[in-house]
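Q: Before I ask anything, let me first share the structure, which is written out below as structure tokens.
The values are calculated or read from the model by the stated rules, or taken from the named source; none is laboratory data. Computed from a prediction, not measured in an experiment: that's the story for all the values here. We place every Cβ from the backbone using ideal geometry, glycine too, and count neighbours over all the protein chains shown. Protein only, heavy atoms only, side chains kept; ligands, DNA and RNA dropped before computing areas. Shrake-Rupley method; radii C 1.70, N 1.55, O 1.52, S 1.80 Å.
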Amino acid sequence: MDRVTDVFKALADPTRRIILDELTARDGQTLFELCARLLTQHGLGSSRQAVSQHLGLLEDAGLVEVRREGRCKFHYINTDPLGPIVQRWLRGGDAAGSRKETT
Amino acid sequence: MRINLTSVFVDDQEKAARFYTEVLGFVEKHDVPLGEDRWLTVVSSQDPDGVELLLEPSGHPAVGPFKEALVGDGIPAAQFAVDDVHAECERLRALGVRFTQEPVEMGPVTTAVFDDTCGNLIQIAHHAEASSR
């Protein structure tokens, strides 16, 4: 599966979009903090394993980066994969028809 | 039945004793030599007859992987009550404490999580209603 398809698949799930919202509100969160935020701010009682799987999918799509600081893993949002989507339909509309899905 | 003791597994009892008293502000209650280790407990200075926290050695082989997995995912080993998480966070940060979660308001509860330098994360919390009393 190519990267663009990964990005769309990652964004197709509402919980994953909320995870990105929460990382936008505060970048660099542990799994523990993300789970607590999903539960208390959004009423989403997803299991830790489920949230971990969501994060794995976001990481595969390049939308989340995991960095280890000391013994802790922190999750950061990376919006770079969204750039081609914006350029394809919003900014580079005239060239979109001839561009292939390769990125 | 009542709860009078709880514990955290610490990498180094001597280092833990210093951190939990000098930085966090707890008071040593018991310090009894037990072979290579110590029966080492601290209490809150606000409640010297209250629940004791045992600073337990991490020697058992299961403890290392257990702590590593919890810390990796940012999960605290214990939670302590404070009057004001924001103020406590500032006080501790000034003493060089590293936070893995800055203060967050989660409904009526505000929490933050820091590294105890002995292989654990500790959560501090206050309830909005309790702190405005």
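Q: Going through the range A:5-44 one residue at a time, which ones are touching an Asp or Glu at 6+ places or on another chain (Cβ under 8 Å) and either within 14 Å of chain B (Cβ to nearest Cβ) or open to solvent by less than 20 Å² (accessible area, probe 1.4 Å) (or both)?
A: Residues satisfying the conditions are A:ALA10, A:ARG26, A:GLN29, A:THR30, A:LEU31, A:PHE32, A:LEU34, A:ARG37, A:LEU38, A:GLN41.
Q: Identify, please: which residue in the range B:1-44 is acidic (Asp, Glu) and in contact with a Phe, Trp or Tyr (Cβ under 9 Å, 6 or more places away or on another chain) and is, among those, least open to solvent (accessible area, probe 1.4 Å)?
A: Taking the range B:1-44 and keeping what is acidic (Asp, Glu), we get B:11-12, B:14, B:22, B:28, B:31, B:36-37.
With the extra rule that they be in contact with a Phe, Trp or Tyr (Cβ under 9 Å, 6 or more places away or on another chain), the set shrinks to B:28, B:31.
Details: B:GLU28: 90, B:ASP31: 67 Å².
That would be B:ASP31.
Q: Need the failing condition index for B:GLY107 against (1) more than 15 Å from the chain's Cα centre (by Cα); (2) exposed (fewer than 15 other Cβ atoms within 10 Å of the Cβ); (3) touching a residue at least 12 places away in the same chain (Cβ under 8 Å); (4) closer than 23 Å to A:THR40 by Cα, just the number.
A: (3)
Q: Output the qualifying pairs, or none if there are none: Cβ atoms under 6 angstrom, residues six or more apart or on different chains, first residue in the range B:59-86 and facing another protein chain (nearest Cβ under 9 Å), second residue of a type in the set (Val, Ile, Thr).
A: Partner pairs satisfying both residue conditions: B:GLY74/A:THR30; B:GLY74/B:THR100; B:PRO76/B:VAL113; B:PRO76/B:ILE122.
Q: Now for a different question. Restricting the search to the range A:45-72, which residues are open to solvent by 50 Å² or more (accessible area, probe 1.4 Å) and either farther than 16 Å from A:GLU22 by Cβ or of a type in the set (Ser, Thr, Tyr) (or both)?
A: A:SER47, A:GLN49, A:SER52, A:GLN53, A:ASP60, A:ARG67, A:ARG68, A:GLU69, A:GLY70, A:ARG71
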